[in-house]
Amino acid sequence: MSAYTQIKLDIADGVAIVTLHRPEKMNAFTRVMMDEFIDALDVTDADDSVRAVIVTGHGDRAFCAGADLTPEGGGHVFSDPNPVESLSDERVRDGGGRLTLRLFNSQKPLIGACNGVAVGVGATMQLPFDIRLASDNARFGFVFARRGITPEACSSWFLPRLVGMQTALEWCMTGRVFDAQEALDRGLVRSLHPQAELMDAAMGIAREIADNTSAVSVAMTRAMLWRLSPLEHPMMAHRVDSRAIYRLSRSADAKEGIASFLEKRAPAYPDTVSGNMPDFYPWWDEPGYE
């Protein structure tokens, strides 16, 4: 995708910033935005210079005001307007879910900088982010029951893991909009910041990753924590842990990590995500893996 119309992608000094950019619509979500965001993630994954990705919204009012309820041309907001023969039809797939699954599979760490209102898909798209920060004027809402629909974007999987089942049920069944302090108290976000300081705080975390860590280590760590923590027994994690530490301990990055520590200098890790991931990655594609 050569040019974006509803997002912006800026890459500099090892950090990519994806900005949801529909200022006239409070950055409301559309299928075009979905396609462009997914394309941007393909770009950041393929670019070995990118060590972390920050996602934010344009302006100081909204991160994303949910799905655009008045799409150009009218028609159906939440589904394809044409009838389908079977629920297995590709057109039945939820657009928010397609985005969150791509976010889940990112090889680069994702840092959310929620700069205002985030309701509906504006809230659920943030759930696969690894770290979520919010401005102190942010508001969140899983408002689906108030629109006659159900939670989407795989939020029935993500949300209880982040905030617990009781909070997830309360927020989704009432559909109420709540403030940034409640989001912090319930564990949805890591920290709150004045609007003018939000991006600096997010950038500080991104720089901590970009300047001090191995890209391959971070990519493996992200995949392992998201994919192994829900499994039913720690032995299933142990199998992957063991293979990972065995392979990475023999890597050029491990050699550099030890040498830089002993020599009391900043590391210069040579390995890349595009060329040096362990030979068993992605392990979840192996036959028999569950």
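Observations
- Label separation (GLU182 vs ASP285): 4.2 nm, computed from points 7 Å beyond Cα along the C-beta direction.
- Shape of the range 7-209, Cα gyration tensor, a/c cut at 1.5: oblate
- Helix-only mean residue ellipticity at 222 nm for the chain, each DSSP H run of n ≥ 4 adding -39500 (n - 2.57), per residue, nearest 500: -11500 deg cm²/dmol
- Amide H contacts of ILE54: ALA16, ILE17, VAL18, ILE111, each under 5 Å away and 5 or more positions distant or on a separate chain (H built 1.01 Å from N in the peptide plane; Pro and chain starts excluded).
- Cα gyration tensor shape of the range 137-290, rounded if a/c is under 1.5, else prolate or oblate by comparing a/b with b/c: oblate
- Candidates THR124, THR213, THR100: whichever shows maximal mean-square fluctuation once the chain is modelled as a Gaussian network with Cα springs under 10 Å: THR213
- Accessible area per residue was computed with a 1.4 Å probe on protein heavy atoms; TYR246 scores about 110 Å².
- Solvent-accessible area per residue, Å², over the chain with all protein chains present [probe radius 1.4 Å]: 50 Å²
- Unit charges at the beta carbon, dipole of the chain: most positive-side option, MET173, GLY59, ALA28: MET173
- Portion, in percent, of the accessible area of the range 108-186 that falls on carbon or sulfur, probe 1.4 Å: 53 percent
- For the range 214-289, the share of accessible area belonging to carbon and sulfur comes to 59 percent (1.4 Å probe, ligands and nucleic acids excluded).
- The chain: antiparallel DSSP beta bridges as a percent of all, rounded to 5: 30 percent
- The phi-based Karplus calculation (6.51 cos²θ - 1.76 cosθ + 1.60; θ = phi - 60°) puts the 3J(HN,Hα) values of the range 196-202 at 5, 10, 4, 5, 4, 5, 5 Hz, whole numbers, x for Gly and Pro.
- Angle between the chain longest axis and helix 252-262 axis [Cα atoms, degrees, rounded to 10]: 70 degrees
- Amide H contacts of SER191 (H built 1.01 Å from N, in plane; Pro and chain starts excluded): ALA134 sit under 5 Å, all sequence-distant by 5 or more or on other chains.
- What you get for the range 128-196, charging only the Cβ of Lys and Arg (+1) and of Asp and Glu (-1), is a dipole of about 140 debye around the Cα centre.
- Counting 0.36 nm for each residue step from ALA3 to TYR246 and taking away their Cα separation leaves a gain of 83.3 nm.
- Taking a straight line from the alpha carbon of LYS25, these lysines sit under 23 Å away, with near neighbours fewer than eight places off in the same chain left out: LYS8.
- Cα gyration tensor, the range 186-277 - rounded (a/c under 1.5), prolate or oblate: oblate
- Of the trypsin sites (Lys or Arg not before Pro) in the range 216-290, the ones in a loop by DSSP (not H, G, I, E or B) with at most 12 other beta carbons within 10 Å are ARG250, LYS264, ARG265.
- For the chain, size of Cβ-based charge dipole, Lys and Arg +1, Asp and Glu -1, in debye: 520 debye
- Between the amide H of ARG147 and any residue lying 5 or more places away or on another chain, no distance stays under 5 Å, with hydrogens modeled in the peptide plane.
- Table column - 3J(HN,Hα) (Hz), the range 217-226, Karplus curve with 6.51, -1.76, 1.60, x for Gly and Pro: 4, 5, 4, 5, 4, 4, 4, 5, 5, 5
The values are calculated or read from the model by the stated rules, or taken from the named source; none is laboratory data. All of these numbers come straight from a predicted model, not from anything done at the bench. With ideal geometry, Cβ positions are generated from the backbone for all residues, glycine too; neighbour counts draw on all protein chains shown. Only protein heavy atoms, including side chains, enter the accessible area calculation; ligands, DNA and RNA are left aside. Shrake-Rupley method; radii C 1.70, N 1.55, O 1.52, S 1.80 Å.
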